[in-house]
Every structure is written in C-alpha cells, then in structure tokens.
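Colleague: Sending over a structure as structure tokens; questions will come in a sec.
Every number in this text was worked out from the coordinates using simple rules, so none of it is lab data. Source: prediction; values computed, not measured. Virtual Cβ from ideal backbone geometry, glycine too; neighbours counted across all protein chains shown.
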Amino acid sequence: MRKRRHRTRAAHAVVAAAVLTTAGCYAVGDDASGAGTAGRASRPTATPSPEWNPRPRSIAAVGDSITRGFDACMVLTDCLEASWATGTDPEVNSLALRLLGEKGTAERSWNYAETGSRMADLNDQMARAVRRKPELVAVMAGANDACRESTAAMTPVADFRAQFQAAMNTLRRALPTTQVYVASVPNLKRLWSEGRTNPLGKQIWKLGLCPSMLGDADALDAAAVKRRDTVQERVRAYNAVLEEVCAKDRLCRFDGNAVFNYQFSTRQLSRWDWFHPSRDGQARLAEIAYRTVTAKNP
C-alpha cells in the first residue's frame, strides 16, 4: 500500500460515535410542615459512563491506502469515492453513507488517511481529525507495518502498541466522548494464497508490493514458508494490540478480528494490483464496520 511515484505500463498497479451523559442531583427536602431549618443536604452524584451511540452524526477516518480507496477505481490513484469509511459511491455503500446518508456524508465526514502510512503516522492524522470534532473516528492501520522489504524491517510490536496508544491519547485529550471503531489488520497470508492464483497479479507483485509476504510468490521452500509465517504472526500480534488498547477505552469498539477473518477472494481484490480492495472489497469492509458500530453489544 505504499504509493509509488512513477507510473509504468508494467505497473497495472502498485501497491498492491452523540453521547448520553446524565448527572443526577439528589436532595433531602424540607419537613412536611415547612417549619424549622431547611434540611437540604446534597449527596454526591455519580455520572454514568457514556453509552455507545449506534448512530453517530459525523465521522472522521484515519489510516492508510485502504481507507483512501487506493487502486479501487484506477491505477496508482486514491479513489475517495470508493472508500469503505467515507466514500460516496452507492456501490460501496460506505460506513458514512449508511450512517449519515448522502447529504450527511458530504457535510459531516472527513478522510485523513494517507496512502503509504504506518502506525507511526496515525497520531498526526488523529491530531488533524480531532479538529473536526467527529462523533466517530474510524481506524484502519497496520498493514504497512507488516508489509516491508523484509521481516526484519517490520514495526516491532512494542513500538506499534506505543504508537497506537499515542494516537488514542491524542484523541482522548481533545474529545473524551468521541467513539472509535477499530478495524483489524487484514489477513496478508490469505492475500498471498488468493492473489497468487493470478499470473498477472504475481507479475505486479514483483514490482515491490509487500515483499515480506508477497515476494517470490511461488516459492514454497522452508525459508519462504518461514518468512510468510513470521509476517502472519506479526499481523496477529498487531491485532492483539489493537484489541487490548481499544478494550481499555469504554468508547472504543474493535471489530473482533472480523476483517482479518473475512474469507475474501480475488473478486475483492483490485484488478490493478491484486493487493488493495476492489470496490467489492471496500463494500465488504463497510459492511463489517457498520455491523460493529450499530451492534447492540460490542
């Protein structure tokens, strides 16, 4: 999902929540006759925890090229209309369209994701997003932390945790009652197993898409198997971090690994790079997000 600077013919592509808060006030009334001194005595009142609102009225999205709709419409290009989070394409039926409608999406949804970004970039995106004071922030980030030139270059899990926590802290300092939806990192190993069935897709991958997982796509030797398994375990570790950090925040919902576990096929992959989601893939991401955000229970 790293955005490439140069187009080539061979690159058919590259890359591959209002909150209810109530405070009760209790007092001991005067006696029935009204005589004597007033007997009012204030009691401490407890403010209930904010409740999850399944119909937020504004949305900001942060993350990477998936949330930008990269390669969903044409080669080497962000396609915001096809974004699962804030897109306007009725074929995708984005999270924003489902929650806000067409007019609301145009007026009260914002996309601060950046193609090629990693978790280290999320804090800056969040800092921009909070200026809009959205009722929901949608997060999808982490794939580029695993998609590196080698397994050694992948973001360490401890760093990934610190970076995600920093972004959440930035949000909470500014907007303590904004809700957060966090999508799991997609299953990169399934991406390899599905995409490698297409000869053109494998050729495009050779241009440098996610080499830690997709490099030497046909290699099945012990070293290649170990390399892919290492990436897969790192993605699982990233998803565990997302779940754990989110669980500490009462207004954060993780998707329960729904994105990671989704059994996508090549139909959900971009025909430009066999790596990013196609419009159909973006629609599936929107469905998962909407289901998570509107669920009665997390």
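Colleague: Rounded, prolate or oblate, given the Cα gyration tensor of the stretch 76-183, with a/c below 1.5 counting as rounded?
Modeller: Details: a/c = 2.60, a/b = 1.36, b/c = 1.91.
The shape class here is oblate.
Colleague: Continuing with the same structure: May I ask you to sort TYR181, TYR290 by Cβ crowding, counting other Cβ atoms within 10 Å and putting the fewest first? Please list the in-between numbers first.
Modeller: Values: TYR181 25, TYR290 20.
By the 10 Å Cβ count, ascending, the order reads TYR290, TYR181.
Colleague: While we're here: Sequence gap at least 6, Cα distance under 8 Å: using those rules, report the relative contact order of the stretch 59-294 to the nearest whole percent.
Modeller: Details: 465 pairs, mean separation 58.2, N = 236.
After rounding, I find 25 percent.
Colleague: With the cut-off at 1.5 for a/c, could you classify the stretch 59-294 from its C-alpha gyration tensor as rounded, prolate or oblate? Before the final figure, lay out each step's value.
Modeller: Details: a/c = 2.02, a/b = 1.34, b/c = 1.51.
In terms of gyration-tensor shape, oblate.
Colleague: I would also like to ask the following. For ASP159 paired with ALA224, estimate the spin-label separation in nm (one decimal), with each label point 7 Å from Cα along the Cα-to-Cβ line.
Modeller: 2.8 nm
Colleague: Using DSSP to define loop residues, name the trypsin sites (Lys or Arg not before Pro) in the stretch 230-298 whose beta-carbon has at most 15 other beta-carbon atoms within 10 Å. Could the numbers behind the result be given before it?
Modeller: Working: sites: ARG234, ARG236, LYS248, ARG250, ARG253, ARG267, ARG271, ARG279, ARG284, ARG291, LYS296; in loops: LYS248, ARG250, ARG271, LYS296.
Filter output for the stretch 230-298: LYS248, ARG250, LYS296.
Colleague: Here's another thing I want to ask about it. In nm, to one decimal, how far is the ARG55 label point from the THR266 one, both placed 7 Å along Cα→Cβ?
Modeller: Placing both labels 7 Å along Cα→Cβ, they lie 4.3 nm apart.
Colleague: Please enumerate, by chain and number, the lysines with C-alpha under 20 Å from the C-alpha of LYS202, excluding those fewer than 8 residues away in the same chain.
Modeller: Those lysines meeting the cut-off are LYS3, LYS189, LYS226.
Colleague: Compare the peptides 64-72, 183-191 by average per-residue count of other Cβ atoms within 10 angstrom and give them in order, highest first.
Modeller: Working: 64-72: 29.8, 183-191: 22.2.
Most protected by this proxy first, the peptides run 64-72, 183-191.
Colleague: Would you list, by chain and number, the lysines whose Cα falls below 19 Å from the Cα of LYS133, excluding same-chain residues fewer than 8 positions away?
Modeller: Qualifying lysines at Cα under 19 Å: LYS103.
Colleague: Report the antiparallel proportion of the DSSP beta bridges in the stretch 59-294 as a percent, rounded to a multiple of 5. All intermediate terms of the calculation are to be shown ahead of the outcome.
Modeller: Details: 1 of 16 bridges.
Once the DSSP bridges in the stretch 59-294 are tallied, antiparallel ones form about 5 percent.
Colleague: Over the Cα atoms of the stretch 137-270, each weighted equally, I'd like the Debye log10 I(q)/I(0) at q = 0.11 Å⁻¹, rounded to two decimals.
Modeller: -0.43
Colleague: Residues with beta-carbon under 13 Å from that of TRP192, excluding TRP192: net charge, scoring Lys, Arg +1 and Asp, Glu -1? Numbers along the way, then the final one.
Modeller: Values: positive: LYS189, ARG190, ARG196, LYS202, ARG227, ARG228; negative: GLU194, ASP216, ASP218, ASP229.
Taking every other residue near TRP192 into account, the sum is +2.
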